[in-house]
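Worksheet: one structure, shown below.
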Amino acid sequence: MFMLISVVVPALNEEKRIEAVLKSVRSQNTRHSIELIVGDGCSEDRTVEIAKRYADRVVKEKRRSAAWQRQAGANAAKGEVIAFADADSVLPGDWAEKIGNEFLNDKGLVAVYSSAYFNDVPRLESKVTGFLFSLYMLLAYLSGFDNPTGQNLAVRRSAFGKIGGFNTSLKTCEDVDLVRRIKNLGKVKFLWGNAAGVSGRRVKKTGYLGYALFHVRNFFRYLRKGTSNGNYEDLR
């Protein structure tokens, strides 16, 4: 058996990086069918031009945020499963196969998410920080406080529609919010060993401590108040 997986990539002025993730989607080693959609925030560079070489559809959304671009792409999706990646990521070759198999093997599963690692820092640094990030996500999952990342998240489209998709009022933590709402409809799973490589550009600017503090504080702010930090600088 196989299924159609709609891969949604949100983008805004990502001409330097988006081709890598689109190539990694198109080179997936999987029996599942893939529909590739780019949700673009009206980029002012060559992002759309590059995206059209690979994507089945490029959907424009003038309201700029990851939540809005992801939602625009998801609205156009036809697959039974919608998988989200980021414009600065690179996906492992069996990424879609693992995601599709999880949903095929468990009809009660409504969301699955995995970790990420920085693929443009020294190798040892990448491995150590990637392991720590995965461990943190696993422990959060096991404790019932899912802290997913939208750059490596997949949902069953029917469940996604029932909860109304992303909360587009959130500049950040829209991925956490989505998973916390969708788990009321079924099972959510953290999948170890399906990490995406992502740009470390934010860490290079803030340092690991600053990066970690922002995200941990933001996570607990969301848990306490249902809001998130909107001061999230766009880096290109």
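No lab work stands behind these numbers, since they all come straight from the coordinates. Everything quoted here is computed from the prediction, not taken from an experiment. Cβ sites come from the backbone with ideal geometry, for glycine too, and all protein chains shown count toward neighbours.
Please give the peptides 181-190, 105-114, 25-34 ranked by average Cβ packing (other Cβ atoms within 10 Å per residue), highest first, as a rough proxy for protection. Working shown, then result.
Working: 181-190: 16.8, 105-114: 18.8, 25-34: 15.3.
Listed from highest to lowest mean packing, they are 105-114, 181-190, 25-34.
In the chain, helical runs assigned H by DSSP with n ≥ 4 each contribute -39500 (n - 2.57); averaged across all residues and rounded to the nearest 500, the mean residue ellipticity at 222 nm is -13000 deg cm²/dmol. Ranked by the mean number of other Cβ atoms within 10 Å of their residues, highest first, the peptides 17-23, 3-9, 131-137, 208-214 fall in the order 3-9, 17-23, 131-137, 208-214.
Listed by chain and number, the aspartates and glutamates whose alpha-carbon sits under 20 Å from that of Lys23, ignoring those within fewer than 8 places in the same chain, are Glu14, Glu15, Glu35, Asp40, Asp45, Glu49, Asp56, Asp86, Asp88, Asp94, Glu97, Asp120.
Rg ratio for the chain: its Cα radius of gyration over 2.2 N^0.38 Å, N being its residue count, equals 0.93.
Taking Lys and Arg as +1 and Asp and Glu as -1, the other residues whose beta-carbon sits under 12 Å from that of Cys42 total 0. 3J(HN,Hα) couplings calculated from phi for segment 50-65 with the Karplus curve 6.51 cos²θ - 1.76 cosθ + 1.60 (θ = phi - 60°) are, in sequence order, 5, 4, 5, 6, 10, 7, 6, 8, 10, 9, 9, 9, 6, 7, 9, 5 Hz; Gly and Pro show x. What FRET efficiency would be calculated for the residue pair Val128, Asp94, taking the C-beta separation as r and a Förster radius of 30 Å, to the nearest 0.05? With a Förster radius of 30 Å, E is 0.80. P(r) tail, segment 84-144: Cα-Cα pairs separated by more than 13 Å, 70% of all pairs. Sequence neighbours fewer than 8 away in the same chain don't count; with that in mind, list the lysines whose C-alpha is under 23 Å from Lys107. In chain and number order, the partners are Lys78, Lys98, Lys162, Lys183, Lys187, Lys189.
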